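K.L.:
Quick one: the structure is below, questions incoming.
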Amino acid sequence: MRKKAYYIQQIMISSISTILLFNIIIKSENLLMKIILIPFAMNVVIILLKNILLINHKQKWADLCSKSYKMIYYIYFFIIIVYWNYLSIRNSNLFNLIITIPFWIMIIYQVYRKFFKRKDEVRSSNFDPRLLIGGLLVGLCFVIGIFMFFFGIKDVYEQSIITRTYVPIEGTFYDYEIYDSDEDGTTYSLIYRYEVEGVTYQVQTNYGTGSIPSYNSKREVRYNPENPQEAVLSGTSGNSALVFIGAFFTLVSLVFVFAFLSGMGYLDHLKFDFMGTYVGAVFLIIGIGVFVMQIGTAGSLVEMFHTMGLWIFIPVLFVIVGGLLLVKSLFINRKQ
């Protein structure tokens, strides 16, 4: 009876997730976002089918659904690398092309291991190239994240020093310019007007955003009282975006480091589920970070809901999942 209730619960959750994800994929004009969401949507459909099969006692077919997980991610990973190479060659970006080399080595090794390596072949050593390649990639992500975070904080601090004597005033959104546009989508630089002593000035964001606020929506502007034409927008900026992305790279790369340490048994002495706690904290931080960035761009909580639309469910899910993982790891799954 409990199993049946669990299956029904999973069917309801996966059904709602399927509708939500496919709705976003169909309505989104951003190709990159579609590519990112497609494997998640496919796996949600598999979870839905698996639980429907389990509730009807079709265990063999349910097992087949479970095995299809790996196949989907292998195919998805291969397509992403091919597409990454295509963009790098098209844009003559040698650095991005070089970065894909470790991923190709990993793909070739997996193909060799699955299809060409003899089952009775005995390894002459315990060396596993996947660990080396994975370690290098995680290390690269960590270093990039630290650099982005450091320079983002540095620029935010320097800007705060420069603008500390600036006067706050209410700005009004009235126009936008294309910040960047390619086959992955279009981002916009938002333009705001503000008035000082009867003279109207304008200031625009120094970063691109995919969402456009309502016309005449408000956002705080800070201007130089000695030269009112010099102004900055309060809230999200290119520098704070750099801080957020740097923190994201750093926190996510540490997930793999802690997973390795956990697998080696170095975290077994802790009286709580460290991995669950850390992953929950990362989910929570990312979810809250997205909210903070979006509110900073939109200017208010109400305007954030308007500009994000259905996308609002993604950071909400991050916060919910992160909070549940934290509670479960810290209190429910505590070791005696």
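K.L.:
What is the set of long-range amide H partners of E220 at a cut-off below 5 Å, with H atoms built 1.01 Å from backbone N?
P.N.:
Amide H to amide H, under 5 Å and 5 or more residues apart or across chains, E220 pairs with G171, S234.
K.L.:
A follow-up question, please. DSSP loop (so not H, G, I, E, B), at most 10 other Cβ within 10 Å: list which GluC sites (Glu not before Pro) in the range 216-308 pass both filters.
P.N.:
Answer in residue order: E226.
K.L.:
Could you order R219, R90 by accessible surface area, starting with the largest, using a probe radius of 1.4 Å?
P.N.:
Result, largest first: R90, R219.
K.L.:
FRET efficiency for V327 and Y74, Cβ-Cβ distance as r, R0 = 30 Å, nearest 0.05?
P.N.:
0.30
K.L.:
So, one more: Counting alpha carbon pairs within less than 8 Å and at least 6 residues apart, what relative contact order, in whole percent, applies to the range 184-254?
P.N.:
So the answer I get is 25 percent.
The values are calculated or read from the model by the stated rules, or taken from the named source; none is laboratory data. Keep in mind it's a predicted model, so treat the numbers as computed, not measured. Please note: Cβ atoms are built from the backbone with ideal geometry, for glycine as well, and neighbour counts cover all protein chains shown. Side chains are part of the model used for accessible areas, which takes the heavy atoms of the whole protein and leaves out ligands, DNA and RNA. Shrake-Rupley method; radii C 1.70, N 1.55, O 1.52, S 1.80 Å.
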